[in-house]
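Before any comments, here is the structure.
The values are calculated or read from the model by the stated rules, or taken from the named source; none is laboratory data. Everything numeric here is computed off the predicted structure, so don't read it as measured data. Positions of Cβ are backbone-derived with ideal geometry, glycine not excepted, and every protein chain shown enters the neighbour counts.
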Amino acid sequence: MTYSQSQEIKSIFERATKRKQAQSLRTPADFQKSREIIDRHDKAIATATRDYRAEYATRVELATKRLIDKAGHKTKNFTRRFVGADRFDKSAIQRQAHREVRFKHNQAISRIERSETRELTKLIETVRGRDVIKDHARNDFQKAVNRRSNQDRRIQTRARD
């Protein structure tokens, strides 16, 4: 269970950037696709959060049971009967169970957000590819239809935007 604030900030910023870029798509079909992607992932996050809140106690119980089973598992280390102390600490196991449940929820939310970012990136790259082709064709056409006189043709002009 590793936690990196810099990675989290980077992913939040990247997601916000992709959402902003998706809002500036030109064609209605592309804009509609971006809205579908964003809405679908927002619903998935809301569902995951709702399930997390509703099933939190059950998830903690399962994690606690798993941790107790893991702690009670026999090891191959021999300890004498009256040497050492019982290392079973109920409160520590409960805290660990709560941490694991929260961590798994955060992982699920991060997975959904990464999926949204990937899909938006793919859509934006597709749109950019189409725009580059359009711009390239427009520039070539402008060069081909240059109808100036002999001397004026030799002077380079700035391409129209």
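Data overview
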{"item": "Residues of segment 45-55 classified as more than 16 Å from E113 (Cα to Cα) and either in contact with a Cys (Cβ under 9 Å, 6 or more places away or on another chain) or surrounded by 11 or more Cβ atoms within 10 Å (Cβ to Cβ) (or both), total", "result": "3"}
{"item": "Any chance F13 is within 20 Å of the chain's Cα centre (by Cα), within 27 Å of R128 (Cα to Cα), surrounded by 12 or more Cβ atoms within 10 Å (Cβ to Cβ) and modelled with pLDDT under 95", "result": "no"}
{"item": "Checklist (1) loosely packed, with under 10 Cβ neighbours inside 10 Å; (2) at pLDDT 90 or above applied to D42, failing item", "result": "(1)"}
{"item": "One residue from L25, L67 being of a type outside the set (S, T, N, Q), surrounded by 13 or more Cβ atoms within 10 Å (Cβ to Cβ) and assigned to a loop (DSSP other than H, G, I, E, B)", "result": "L25"}
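Listed here are the residues, each with its yes/no results for (1) in contact (Cβ under 8 Å) with a residue 60 or more places away in the chain; (2) within 14 Å of E100 (Cβ to Cβ); (3) of a type in the set (A, V, I, L, M).
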{"position": "A22", "(1), (2), (3)": "yes, no, yes"}
{"position": "Q32", "(1), (2), (3)": "no, no, no"}
{"position": "R35", "(1), (2), (3)": "no, no, no"}
{"position": "I38", "(1), (2), (3)": "yes, no, yes"}
{"position": "D42", "(1), (2), (3)": "no, no, no"}
{"position": "T49", "(1), (2), (3)": "yes, no, no"}
{"position": "A63", "(1), (2), (3)": "no, yes, yes"}
{"position": "A71", "(1), (2), (3)": "no, yes, yes"}
